[in-house]
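Below is one structure; the comments refer to it alone.
Throughout, read-outs are computed from the coordinates displayed, never taken from laboratory work. Note that the coordinates shown come from a computational prediction; the quantities given were computed from them, not determined experimentally. No Cβ is skipped: glycine too gets one built from the backbone with ideal geometry, and neighbour counts run over all protein chains shown.
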Amino acid sequence: MKQNNQYIDEQVLKAILEETSSDMEQLQFQEWIAANSANEATFLSLQKIWKSGKAIEVFQNIDETADWEIIKTKSRKTIKLKKVNLFMRYAATVLILLSLSLVYLYQTTPGFGKYSQYKSMQTKNKIVLADGTQVYLNKESKIIYPKYFNSKVRNVEMIGEAYFQVKPNPTKPFIIKSGDAIIEVLGTSFNVKNETDGITIVSVNSGKVSLKNRETQEVVYLTKGEKGVIQKQKVSESKNEELNFNAWKTNVLTFKNTPMATVFSDLENYYGVKITNKSVKLDTLTYTNSFSNAPIGKVIDELELLLKIHIMQKGNHLIISDEKKQIKN
Amino acid sequence: MEHALKNQQFENLTETRIEELFKEHYSVLTAYANKFLSDLDDSREIVQDVFVHLFDHRAAVKIHTSAKAHLYTSVRNTCLNTIKQRKNHATHHENIKYLSSGFSLQADKILEQTELEYALFKAIDELPEQCQRIFKLNRMDGFTNQEIADQLGISKRTVETQISKALKSLRITIGPMLATLLIISLFNALK
């Protein structure tokens, strides 16, 4: 009997679960439950199994294999997308920086984009700008100019010394920035020279030139035979008495009743030499002569012959003394 | 506790390890999410995204507890957010109610329940083919024994025998586990 109570026919349990049990089956079941507490647990779990049919149906509808593929596809996509995004982000950053610097370089760096630059070393050079303006550049000078004059004005920048022969164009003023000077012209020829101590000298050969101090905005107008000097905060104009202001360009040195001090100074400028005068008698003399494309040796010979002086050349240094004194010593 | 944390080793998430985790937990996680969302497709998507995230950030993801706990927490939190987004939807008011009050405890019970159901599903899945088919038709699809008999062209008696057979087999394979868990949950319920 006890043995029987421990065992129960599956059909009976099923009938109980289905709630289709007969009285006989009910009795059998009650006896079985009462026989052992573990039986009750077994039944409860069976009941659980029986009733959870709907709840476990969900697993039937989950396709693990298919969903794993979906995950792998999604994953690859996001990884790829992220990699591309990251790459694109870097690429875009680099591209923007690159184009910005290109624009900057184009706008500012002479020789690279918008502007050209010309720098003369030990030779003098002639440059023709896009508008036909001729620029004679002295030794060790530099000019920065646009390759094309597209804006309303023709802007150039110059350091050193240059002679400009500006092509006339009434609608497009030609503006030179040099040192503290802003020189504006319509069409003319003139010489611009930066000297040491921030001095800029503009000597006009023809036409009319406006010379403006960049700091004070003070303006003077210069015409033929006049020169303007910018020095610190000042602008001054005077008659240009320097015959040889553009000798470096013309290669002609002209002296006309010129005091010797000026002669020496012009020679120093033209030949790039240093002259020390030890002859006192020369201070009161003037000199008249003209040299064209003359080597310094020829100038020395002429001066010695005419003024009866002795010129000793030590490299770039010329020492002038009286002939007689030199002999005595 | 402190000691346990010190000895905590971060899991090295290889692709193989993730696939293992997927095989072990995907179905339960999805069914679990479905209990909150009552939408199998949404549930699948949420769980898939959790795995995708794990996949893509496997180098960076630091799992402070077990991988399993991490997965369940992620799914549960995503479900919670989804429900919040759906909060105007009348049918989910009930969910919000228990999610906001004592949610964690409730969620743990739901998880336990889902795991149990999955174990049962797996056990059924291992039944002999004919037996399994009949049992599923009866329990999942809700056909009567007569309907199944007619559908399969067998006698009603055979259907009944097969269902009994399934019950017996399940009682042996899954019964002890169910019993233990049921006792525990009953015990908890009594508390």
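General observations
- Residue order, fewest to most surrounding Cβ atoms within 10 angstrom, among B:78, A:171: A:171, B:78
- Peptide A:14-25 shows a mean partner chain C-beta count of 2 within 10 Å per residue C-beta.
- Cα gyration tensor shape of segment A:199-255, rounded if a/c is under 1.5, else prolate or oblate by comparing a/b with b/c: prolate
- Alpha-carbon centroid distance for the pair segment A:90-104 / segment A:140-197, whole angstrom: 33
- Per residue, the convex hull spanned by the Cα atoms of segment A:251-328 measures out at 80 cubic angstrom.
- Gain in span if fully extended, residue A:37 to residue A:142, counting 0.36 nm per residue against the direct Cα distance: 26.8 nm
- Among the listed pairs A:124/A:172; A:126/A:177; A:124/A:256, those whose Cα-Cα separation exceeds 22 Å are A:124/A:172; A:124/A:256.
- Value of relative contact order over segment A:125-239, rounded to a whole percent, pairs C-alpha under 8 Å and six or more apart: 17
- Pairs of Cα atoms nearer than 8 Å and 6+ residues apart set the relative contact order; for chain A it is 7 percent.
- Per-residue Cβ neighbour counts within 10 Å put A:202, B:52 in the sequence B:52, A:202, beginning with the fewest.
- Averaging 1/r across all pairs of distinct Cα atoms in segment A:2-60 and inverting the result yields a Kirkwood radius of 12.2 Å.
- Set A:152/A:232; A:208/A:274; A:74/B:35; A:119/A:278; A:48/B:68 screened for pairs whose C-alpha atoms are more than 27 Å apart: A:152/A:232; A:208/A:274; A:119/A:278
- Scaled against the 2.2 N^0.38 Å expected of a compact globular protein of N residues, the Cα radius of gyration of the protein assembly as shown reads 2.25.
- Number of partner chain Cβ atoms within 10 Å, mean per residue of A:37-45: 5
- Using the rule -39500 (n - 2.57) for each DSSP H run of four or more residues, divided by the residues of chain A, the 222 nm mean residue ellipticity is -12500 deg cm²/dmol.
- GNM result for chain A, Cα springs below 10 Å: residue of A:176, A:275, A:143 fluctuating most strongly: A:275
- Among B:155, A:203, sorting on how many other beta-carbon atoms sit within 10 Å of each Cβ, with the fewest leading, yields B:155, A:203.
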